[in-house]
Every structure is written in C-alpha cells, then in structure tokens.
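Peer 1: Next up is a structure, given as structure tokens.
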Amino acid sequence: MNGKKTEKNRSDLHSEIGVNSTAGDSRPLHTLKGIGPKTEELFRRAGIETRDDLLHDYPRDYDACDPPVKPGEAIPGQKNAVIGRITRKPSVRTFGSNSITIAEVSDETGSITVNWFHMPFLRNSLRIGEWYVFRGLVVEKNGRLTMEHPELLSPEKYSGMTGLLMPIYSLTAGLSNNMVRRAVAELLKEKQEEAEFLPDEIRETYGLCEINYALTQIHFPDSREACYTARNRLAFDEFFLFLLGVSQMRSAREREANHFPMKAVWKTERVISGLPYRLTPAQDRVWGEMEKDMASPHLMSRLIQGDVGSGKTILAFLGMIMAYENGFQSAMMVPTEVLAEQQFASLSKLLEENGMLEDVHPVLLRGSCTAAEKKKIREEIATGRAAMVVGTHALIQDAVTYNRLGFVVTDEQHRFGVRQRERLTEKGYTPHVLVMSATPIPRTLAMILYGDQDISLLDDMPAGRLPVKNCVVGPEYRETAYRFIEKQVAEKHQAYVICPMVEPNDELPCENVTEYTEKLKARFRGKNITVGMLHGRMKAEQKHEIMEAFSAGEIDVLVSTTVVEVGVNVPAATVMMIENAERFGLAQLHQLRGRVGRGKDQAYCIFIQGNGKKEISPRLKVLNTCNDGMQIAEEDLKLRGPGDLFGVRQSGEAIFHVADIYRDHDILEKADAAAKDLRELDPGLDLPQNSALKNRVEAQFQRQFAYSDQEF
C-alpha cells in the first residue's frame, strides 16, 4: 500500500474521531545502537519498523529461571534446570549427515538422559565428574526421563540467572530472541519517559501502575508480581482506548440519517420455502430480527454469532435479496479469496435456482483479478449493473465506487479491523451492516466489545448434522491416528493436521509444519496419499493455490498452522488432528474443529496433548465432552484466570497486543466501567486534562485498525 493512501486513511480517521496529532516514537530502528541494515530488515519482516513498534512488541511468554533440581527431581512436561555430573563419556550416533550426542546425568536421586542434535563436538567438551546445569524441556520416554537439546551452563553462571524472568518474543526466520532482547534493552536505555495519559482518578480507582514502569517491567520484569502489575496496566490501556475509540466512531455514525429504509418483501419468503432444508428455529428468529431492523427508520448494525455450520450465510444472502428487492446494492466482504469464491458460487446458485441470477448479476472482486477484469467489474458496480458484490479487501480500495450500497456483510469479523469495516461503509451513505462471526464469545463480553451492535445468537444446528467425535490422546497414539487417517483417505475423505509452529524453535519445542510435512510424506510414501503444507508466511497466491487444491480434493492431508481457522467449506474433510493441542486456547481449538463435519459423514477431532503429562489438561477435557461453542466460551472464562500469564499466547490475528478478552475479562469489565464514566463527563475528550488521552486513542486505533490490503 502506498504512502499517499496511508496518509489519506490517517487523515480520515483523524477527522472522524476528532484528533489532530498522534503519539509514539516513529524513528526507524537503525537509529538504535547495534541495529544495522541487515538486522533492521529482519525486524521489518516481523512487522517492526519503528522504535514505537519495538516498544509495543511485548513478550509472548517468559522463561523463568528457577533454582536447579537434581536429576531424579525433574518434572516431565516442563522446562527444568537440572544440576548434576556427567557419569560416563558421552556417545555420538550418526544418521547420514545428522548426528545426536547422548550423555547420562545421575546421582543418588536418579538419572536423566540429555541429547543434543548436530553438536558432536560436545563429546570432547563435556568432562566426566564435572558439575553442569542442563536446562530444557523434560519428557518421559519408555519410563526414562530425557532432555533434548538443553542449554549447557556452569553452576556459577546459572546462579546469577536464578530468579530472573527472561522475555520470549515472537520471531521470524533469522531473528533470534537474543537479538530482540538486546534491541529492546537498548531502546529502554535510550528512551525518554512518556507522559502519563490516564487520568489520576482512573489509575487510583483501579490500582494501575505508572505507564513507564509498565513498559519497562513488561519487557524485563523484576519479579512475577511486577510482571503482573505491568501487564494489567497495559491490558487495561488496550481495552480502555479501544472502547473509547469505538464509542467515538459510534457517536459519529449515530449522527447520520438512515438513507436506506426498506420494507419486507415476498421474494425472501419464496426463497426460504424453496430451500432444500427448513430454517432452524434460531435462524427463523434471527431473520425476523434482521427484517425488523432493515424495515425500521434506523440503520441496522447487527452481529450474528453462531458455530461454524450453524447457518449464518443463508441469512446474509436473504438480507442481500431483501436489499435488491428494495432497489439497493449489497456487498459481502470475506477474508480470503478461496472463501470469497465459495461464497460467490453459493450465492450464484441460490439466485439461479430462484430465477434471479441474470437480473441481479452478482460479481466477484478479488485482488488477484487481472487489471482488465477489475476495470470491468468496477464499472458494473459503479453503474449498478451488479446488484450484489462478493470479495476480499479489494472491495474497500479507493478505486471501487458503489451505486446505492445499502447493505453490507462482513464475514468472520474478527479477521477484519474496525477501520476496515468502516471503510466499506464509507462507499456512500452509511448502509445497514451485518457482521457474522463463528468466534464463541460469552454474551457478557460481546455486549461490551460490540456495544455499538445488536447481537443475535444462532444456538442450534441444522437437522441431520452429526456432532464431531472427539478424543484427547498423548503422542504415543500418533501412529494409530496415522492409520486412521489412511483409512479415511481410502474412503475418499480428507484430513487436516494442525501444528503450532511454522519452523523449528529450540526455545519453544513443539511440532512445526515444515518438518511435520516431510515426516508425513515419508510416512505415507507408497500409500497414494498426497500431503500438502500451508502456513501464514506463504504469499497470498501460494496459500490460495493450496486451499483450492485441498477444496478440489487434490490434497488428501493438509498440514497447517491455524491459518485454516478461517477456511472454506470442505465437506470431504472428516479428520482434524491437532498437535500440541494444550498450546492453543479453547475458542481457537473449537474454531479449528469446526473445519470438519461440514458434510453428511461422521467427522473426528484428535487432540494430541504433547506436553508429556499423563493427566488431560482442563481445557482439553472440555473439548472432549462438548461441541457447543457458547458453552465452551463460558468454560474458557472459568479456566482462564487473570493469573494465567506464563502460557503461550494464541497465534492468529489479534487486535490486542497483550490483552485477552477471556483471560482478562475482569479487566475488560473495569475498563468498560471507566470508559462509560469518562464519556459521561467528557464525551468528546475535549477537556484540557484529557488531551493526552485523546491523542492516545487515535494512536491506538492507527496501530490496531490500520487499513491494509493484506490477504490472510
């Protein structure tokens, strides 16, 4: 996206919420000591271009340097620091060009085996009888404790580290954790103190620390307590600024008149009666709410929540038909090209079955369209020849002009920022807006986060839909799972395998897509099973090709990160296997599970718990016994306490850097109360004491909701 367009969008946002300046240090990273052109480029690939970006790139986890334990006291499934002596000379085994160095550490408490990959020189470096500290993940294999690829430290050096919380950052290829730590340390050393922007009364009421203390302690905490204190302040800030910003946008929208009054039409009833299935009671109820909204003097702004497969899309199509019958255009924006193609095909089929296809002339607008195709489609949209438009982010580019756009649908809203949805509604007068989401959010939280929208819930499933069968197992079940997948593929079905990581990471040992794909290809060699790979670092065209091939049945087993969480409808996919399932949040696991069970055949979800623990984690127990998204969301609230800090942050596209609506629901409720109190006193944040806060609201919205042409 070019700089001119960026400045235009910022200017639009400035005027919309009434702010004339921004906050933050926009100097490039090379102005920091120790950051050269090559390192700056590595940070840029991670989305970190300025000092302010780096300051707000909070750790995703912390490495707690606890006192070392003896070999027999190590706890499987956890990172341990084990102090002990090497009891015999290490051995080296070679496998082609690969090698593994194996050593034994033991004392009166027991023993543990330590392994290093591709480090044969350690055989001569490690001395029998000398004390070492070995630090890494401990697993139990065949009744024996094993630590793979541990850090090797002297007891004296580790003693100086004991008690520290070392930050762990999200990384991209070539960027190491030590590089990020050094850069952040230098930034904090050079950084000038920021002016406090929260009113003193709010800080005192909610027990929040000062902003500079929070920014320092979130990166390099002096203690767990300091880390919690810093994190709570920053989470409060994110929620508070978000709620104030949404309130400002809502106020601006409410001042605009309804230019698209509609009346109920018989055509939608005819379409409903011609469907090959009956609408569920929940669908009937929500459609009634939509009809009432669109026929009222006020604009509709409604969020529909419902599990994958609960029937949100047909309601959106009915809304588009109602808009057409009232003489208005409609648009549906979805996050991926593959999903856009699928929604367009479904809409076209419905229109054709009802004799409306030629008159409506729906069009599909994608970023990958040729220049000639885009020109033709844009002309049809501008003239009104195309009454319905389906597409990706291409729908909100400046070159697209609509003709009486009266109804807008955004699919999978959590993949679009508020600002992106606003740009779609800016293509003329503000239209009726329908937002669809399969993300299970408890109603209490949804009412806060989507306070500017009415909320409808699809809480039942279409008749005949078989519930997914679940099982939670350990890594030892993996081979059985592979045989089960083989059997499913032989029956013309397909499978997903989800891994938490794209590439290997020594600091976060878990399954990764890159190596797992090769492992599965070798495992299924000669079985006539095609294995594909998908992850978020691929180019948009590459991801599109992979998902198209999977949808077409050309790929039998797709190994992927959570990028498939917002995917397409693949009825032949009957198996979802999730590696290291304990590393994901409940809501995300439920979203992933929703990728299967879309057809008439029985579907299965296999959760592999890879942390070495024998007992099933509480969140996986919930998923093992429940398929109801809203019930799962409520359980998530109970399981995620505010003290649950030292877990791995969920992957995926999040609008908050540190806050989590589930884990921090208590902070969200406090921020909501504070925002409401402040809005009553100073609705426009115009008082002199709130000028710094007003600037921060604008800066936060730029960071969270900046318009982007990126395809997910």
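The values are calculated or read from the model by the stated rules, or taken from the named source; none is laboratory data. Values in this document were obtained by computation on a predicted structure and should not be read as measured data. With ideal geometry, Cβ positions are generated from the backbone for all residues, glycine too; neighbour counts draw on all protein chains shown. With ligands, DNA and RNA removed, areas are computed over all heavy atoms of the protein, side chains included. Shrake-Rupley method; radii C 1.70, N 1.55, O 1.52, S 1.80 Å.
Peer 1: So for region 205-217 (the condition being in contact (Cβ under 8 Å) with a residue 60 or more places away in the chain and surrounded by fewer than 19 Cβ atoms within 10 Å (Cβ to Cβ)), does at least one residue qualify? I'd like the intermediate steps shown before the answer.
Peer 2: Kept after step one, since they are in contact (Cβ under 8 Å) with a residue 60 or more places away in the chain, are these residues of region 205-217: 205-206, 215.
Of the ones still in play, those that are also surrounded by fewer than 19 Cβ atoms within 10 Å (Cβ to Cβ) are 205-206.
Scanning region 205-217 turns up at least one residue that is in contact (Cβ under 8 Å) with a residue 60 or more places away in the chain and surrounded by fewer than 19 Cβ atoms within 10 Å (Cβ to Cβ).
Peer 1: Kindly list, by first and then second residue, each pair from a residue in region 275-289 that is under 22 Å from Lys349 (Cα atoms) to a residue that is hydroxyl-bearing (Ser, Thr, Tyr), limited to pairs with Cβ atoms under 9 Å and residues at least 6 apart or on different chains.
Peer 2: Thr280/Ser310; Gln283/Ser310; Trp287/Thr268
Listed here are the residues, each with its yes/no results for (1) among the β-branched types (Val, Ile, Thr); (2) modelled with pLDDT of 85 or more; (3) touching a strand residue (DSSP E or B) at 6+ places or on another chain (Cβ under 6 Å); (4) within 25 Å of Asn695 (Cβ to Cβ).
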{"residue": "Arg231", "(1), (2), (3), (4)": "no, yes, no, yes"}
{"residue": "Ala235", "(1), (2), (3), (4)": "no, yes, no, yes"}
{"residue": "Phe240", "(1), (2), (3), (4)": "no, yes, no, yes"}
{"residue": "Leu244", "(1), (2), (3), (4)": "no, yes, no, yes"}
{"residue": "Arg250", "(1), (2), (3), (4)": "no, no, no, yes"}
{"residue": "Arg253", "(1), (2), (3), (4)": "no, no, no, yes"}
{"residue": "Met262", "(1), (2), (3), (4)": "no, yes, no, no"}
{"residue": "Gly274", "(1), (2), (3), (4)": "no, yes, no, no"}
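Peer 1: Filter region 155-167 down to residues that are farther than 23 Å from Ile112 by Cβ and not in a loop (DSSP other than H, G, I, E, B), then give me how many there are.
Peer 2: 3
Peer 1: Can you tell me which residue is nearest to Pro76 (Cα to Cα) among those in region 98-154 that are open to solvent by 80 Å² or more (accessible area, probe 1.4 Å) and part of a helix (DSSP H, G or I)?
Peer 2: Arg123
Peer 1: Okay, moving on. Considering only residues that are touching an Asp or Glu at 6+ places or on another chain (Cβ under 9 Å) and open to solvent by 10 Å² or more (accessible area, probe 1.4 Å), which ones fall in region 312-330?
Peer 2: Lys312, Thr313, Tyr324
Peer 1: Return only the number of the condition from (1) under 30 Å from Gln542 (Cα atoms); (2) crowded, with 18+ Cβ neighbours inside 10 Å; (3) modelled with pLDDT of 85 or more that Val308 does not satisfy.
Peer 2: Val308 satisfies all of (1) under 30 Å from Gln542 (Cα atoms); (2) crowded, with 18+ Cβ neighbours inside 10 Å; (3) modelled with pLDDT of 85 or more except (3).
Peer 1: Among the listed residues Val570, Val557, which satisfies the condition of being farther than 25 Å from Lys79 by Cα, surrounded by 21 or more Cβ atoms within 10 Å (Cβ to Cβ), touching a Ser or Thr at 6+ places or on another chain (Cβ under 7 Å) and of a type outside the set (Asp, Glu)?
Peer 2: Details: Val557 fails: touching a Ser or Thr at 6+ places or on another chain (Cβ under 7 Å).
Unique residue meeting the criteria: Val570.
Peer 1: Here is a follow-up. Considering only region 405-427, I want to know if a residue exists there that is open to solvent by 10 Å² or more (accessible area, probe 1.4 Å) and modelled with pLDDT of 85 or more.
Peer 2: Checked against the condition, which is being open to solvent by 10 Å² or more (accessible area, probe 1.4 Å) and modelled with pLDDT of 85 or more, region 405-427 yields no hits at all.
Peer 1: Evaluate region 40-62: report whether one residue or more is open to solvent by less than 20 Å² (accessible area, probe 1.4 Å), touching a Lys or Arg at 6+ places or on another chain (Cβ under 6 Å), of a type outside the set (Val, Ile, Thr) and in a strand (DSSP E or B).
Peer 2: There is no residue in region 40-62 that is open to solvent by less than 20 Å² (accessible area, probe 1.4 Å), touching a Lys or Arg at 6+ places or on another chain (Cβ under 6 Å), of a type outside the set (Val, Ile, Thr) and in a strand (DSSP E or B).
Peer 1: Separate question: Going by what's in this entry, would Val697 be described as of a type outside the set (D, E, K, R), assigned to a helix (DSSP H, G or I), at pLDDT 75 or above and buried (at least 21 other Cβ atoms within 10 Å of the Cβ)? Talk me through it step by step, then tell me what you get.
Peer 2: Details: of a type outside the set (D, E, K, R): yes; assigned to a helix (DSSP H, G or I): yes; at pLDDT 75 or above: yes; buried (at least 21 other Cβ atoms within 10 Å of the Cβ): yes.
It is true that Val697 is of a type outside the set (D, E, K, R), assigned to a helix (DSSP H, G or I), at pLDDT 75 or above and buried (at least 21 other Cβ atoms within 10 Å of the Cβ).
Peer 1: In region 659-671, which residue that is open to solvent by less than 20 Å² (accessible area, probe 1.4 Å) and of a type outside the set (Ser, Thr, Tyr) is nearest to Ile632 (Cα to Cα)? Steps first, answer last, please.
Peer 2: Filtering region 659-671 for residues open to solvent by less than 20 Å² (accessible area, probe 1.4 Å) gives 659, 662, 664, 667-668, 671.
From what is left, the residues that are of a type outside the set (Ser, Thr, Tyr) are 659, 664, 667-668, 671.
Numbers: Ala659: 20, Asp664: 17, Ile667: 21, Leu668: 19, Ala671: 24 Å.
The qualifying residue nearest to Ile632 (Cα to Cα) is Asp664.
Peer 1: Next up: Assuming Val92 fulfils every condition listed in (1) within 30 Å of Leu187 (Cβ to Cβ); (2) open to solvent by 20 Å² or more (accessible area, probe 1.4 Å) apart from one, which condition is it?
Peer 2: Going through (1) within 30 Å of Leu187 (Cβ to Cβ); (2) open to solvent by 20 Å² or more (accessible area, probe 1.4 Å) one by one, Val92 breaks only (1).
Peer 1: Being at positive phi and at pLDDT 85 or above narrows it down to one of Gly96, Gly34, Gly77, so name that one. Show your work before the answer.
Peer 2: Numbers: Gly96 fails: at pLDDT 85 or above; Gly77 fails: at pLDDT 85 or above.
Result of the check over Gly96, Gly34, Gly77: Gly34.
Peer 1: Further, regarding this structure: Would you tally the residues in region 523-541 being open to solvent by less than 90 Å² (accessible area, probe 1.4 Å) and not in a loop (DSSP other than H, G, I, E, B)?
Peer 2: We begin by selecting, within region 523-541, every residue open to solvent by less than 90 Å² (accessible area, probe 1.4 Å); these are 523-524, 526, 529-536, 538, 540.
In the following step, the residues that additionally are not in a loop (DSSP other than H, G, I, E, B) were identified as 523, 531-534, 540.
Result for region 523-541: 6.
Peer 1: Here is a check on your reading of the model: is Phe239 closer than 30 Å to Asp672 by Cβ and either touching a Phe, Trp or Tyr at 6+ places or on another chain (Cβ under 9 Å) or of a type in the set (S, T, N, Q) (or both)? Full working, then the answer.
Peer 2: Numbers: closer than 30 Å to Asp672 by Cβ: yes; either touching a Phe, Trp or Tyr at 6+ places or on another chain (Cβ under 9 Å) or of a type in the set (S, T, N, Q) (or both): yes.
Spelling it out, Phe239 is indeed closer than 30 Å to Asp672 by Cβ and either touching a Phe, Trp or Tyr at 6+ places or on another chain (Cβ under 9 Å) or of a type in the set (S, T, N, Q) (or both).
Peer 1: Which one is modelled with the lowest pLDDT, of the residues in region 466-515 that are within 23 Å of Gln591 (Cα to Cα) and small (Gly, Ala, Ser)?
Peer 2: Only one residue fits best here, namely Gly474.
Peer 1: Turning to a different aspect of this structure: Ser368 passes all but one of (1) open to solvent by 30 Å² or more (accessible area, probe 1.4 Å); (2) modelled with pLDDT of 95 or more; (3) assigned to a loop (DSSP other than H, G, I, E, B); which number fails?
Peer 2: (2)
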